[in-house]
Each structure stands twice: as structure tokens, then as C-alpha cells.
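Notes follow once the structure below has been shown.
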Amino acid sequence: MALLRFNRSKATLLRDGGATVIAMSARVVVFGATGYTGARTAEALVSRGVRPVLAGRDPGRLAALAQRLGGLETAVAQVTDRASVAALVGRGDVLVTTVGPFTELGAPAVAAAADAGAVYLDSTGEPPFIRSVHERWGPVAERSGAALLTAFGNDYVPGVLAGALALRAAGEGADRVDIGYFMTGLGKGQPFSRGTLRSLAGIATQPLYAWRDGALRTEPAGARMRTFDVAGRPRPGVTIGASEQFALPRIAPGLRTVDVYLGWFGRASAAVHAGARIAPLLSRVPPRATATVADVLTRRVPSDPAAHALAGARSHFIAEVFDVTGTLLARTRLTAPEPYAITADLLAWGARRAAEHGVHGSGALDAVAAFGLDDLTAGAAEAGIVEEN
């Protein structure tokens, strides 16, 4: 097992007006706290006794949020300015960012964290950015002692956890893992934030990746489609790039295939799958033009999802492990609340855990590598992610 990096003295508990506050030597900085996901993450941190620094470009909105959350420290900074971000974090500090689209705005923050030797967590679900963190910034972080935990939310910690649990149950002989992401119980109204839809639109034409024949391969989104049994019904999903293609082969080096299926499109999954045939042509469109189109498509979408659309929603994560003959060796089913609650609670748990105890290893890490499977299972349960009965 890798050495524990960023190990700090244990946090102390202070009493402040009857509330318990954790005093840590590691600083926790939240970028994007005035946005929907960022505000929920800051709230989740405060509920765990952590007093993060709220960072962003609008001092008025930062001050209002800081006051609402109990008088937190604020810092005016630009997430797209590497030096501006670097001024906020030092070695062993924890930087949490929810500012997207990450493929357009995320590089300066992850670069600053990697240079500083900090612990970095983000809320991205964008496969091209995840790949760049692992392949571009991971080696930088290994040299500096930083730990980069990209996609540390609903995208894609639950699937990594489900896959790791299924691999442990399967034992030897695992050849393929299929992961499925689904939601049920959505009410009427918009269930996604503008930022989520903007990110999906922005990556629709970009080349993604898969773990095939024991190596990372480039391929378009939706290249494959299959159904999973979700809450007693067959539901389709289409393949996407995610964290699992990096994480699960580390856990089981003999894996030949890791496929991650997104089941949010319902009946439209077939159209997404068919669209994969023309994706190579669309990928020739310059990224700036794609971003402009994405802006136009989402401009009139409300910034926050509709609360009533998410009120009764449940998330489902399924991992199935097969041997080389296609025989099912193990299946793990996890269920959880709606995606934004998952992301806020996971980011808050991961940031607090890293600030108090550090993480295992350095470089671009996944959640299992950083915290260990048993501790991650317990942390996920705090976020409501549990095995289905």
C-alpha cells in the first residue's frame, strides 16, 4: 500500500455557541460556492463542522453566502487564472471546485493544485477533462506530491465503488465489468442544472474513451448500448467515458473490458447510440464552435434544477462482473438520493477526510485508491449511497 500523504495532526473539536466546529491545519477552499452545486457543497461541509474558504469572482455574492453559512472566510479569485488559484492553496491544503464546463475552465485550478502539492477534488462529469487530469496533470502531481481526485461526485464515485465491491465479491477470473447509471422517480420539471446540460452539450461531439482489450481506447459516446434490470424494469444505457476505466483496472489488472453505461436518456438512448456513427465527423468541429453552440442551446435553461423534479428521485448504480466466457460472477446494486445531493455530500466527505487524515498516494487517483474501499464504503453511506436489499 502506498504511503499516507499529507498526513496532518488530528483535528480538534471546538465549541462555538453550542455548535461543534472542526479546527484543521489543512485549509479547505471551495471554488464555485455561489453556484448551485458549489453552494450545496459548502452547506454540506459546514454541516460536517468544516469552515471552508469560499472563493469566487463576485465578492457580494460570496459575502452573502458566507454570512448565511455562519461567517465563513471568503477570497476573491479567478478560477481561470492559475496564479489566482495558486495563491489560495499550499501543500496539503484541499481545493474543491465545482466550476464548469471543466473542459473550458478547469485546467488552471487543477494545474495550480498539482504544482502546490495540494489535494484536489472536483465535480466534473466530462470525460475529456477526466482523461486530461489522469494523463496530463497526474504525472505533475506525482512529482509534487499532490493528489488529484477528479469526478468526485455522482459522476463517477458510485460506479467506481459498485465496481470495486463487485470485483471483491467475484474473486479471481474477472474479465469484464459493466457499470450502469440510472435514475427513477423524477417528477415534472427540469431535473438538471444549466451547468449539467451545458457540459453534456459541450462534449457531445468530442471523442471519448473506453477500456477495451486491456488498454484505453478512443471511441465516441454511445458506441455500445445494453439494458440493465433497474427497479424491476429493463432500462437502456449507452457507453460513455468515465472514471471507472482508470480505476477498475488498477483494482483488477487482468480486466480486459470496462464499460460504463449512462441510462439517463430513456427511449432516446437508441438515437444517442445511432449518433455515434457520425461522431467522428462532428469531432472535426473546432471546440470553440462547439462551446458556442452549447451556450446557445442552454441559454434559456434555468440555472438550477426544479426542486420538485428531484424530490422523489432515486439514483441507481449497477456493477456486473463477468469472466472470459461471459458468465456473470458478481453483481452489486447501489441506490442513493438524487445526483446533486450525492455530489455535494461526497465532495464534503472527501474534503473533510483529506483535510483530517490525508489520502493514500499521489498523482491522479480514484476514490478507492485515495481512501481505501472500506472507508469509501462508509463515506458513501453518509451520502446515502447504500446497497439495495
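The table for this structure:
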quantity: 5 angstrom amide H check on Gly92, placed H, neighbours 5+ away; calculated: Ala118, Val119
quantity: Computed label-point distance, nm, for sites Thr327 and Thr80 using a 7 Å Cα→Cβ extension; calculated: 5.6 nm
quantity: Model label zone, Arg256; criterion: amide N under 13 Å from point 7 Å along Cα-to-beta-carbon; scope segment 138-179; calculated: 173-177
quantity: Radius 14 Å from Cβ of Ala252, net charge of other residues (Lys, Arg +1; Asp, Glu -1); calculated: -3
quantity: Sequence-distant residues sharing a close amide H with Gly241 (under 5 Å, placed H); calculated: Tyr209
quantity: Cβ-derived FRET efficiency at R0 22 Å, Phe265 paired with Arg168, nearest 0.05; calculated: 0.10
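Quick note: the coordinates plus some simple rules give every number you see, no bench work behind them. Computed from a prediction, not measured in an experiment: that's the story for all the values here. Here the Cβ is made from the backbone with ideal geometry for all residues, glycine too, and neighbour counts use every protein chain on show.
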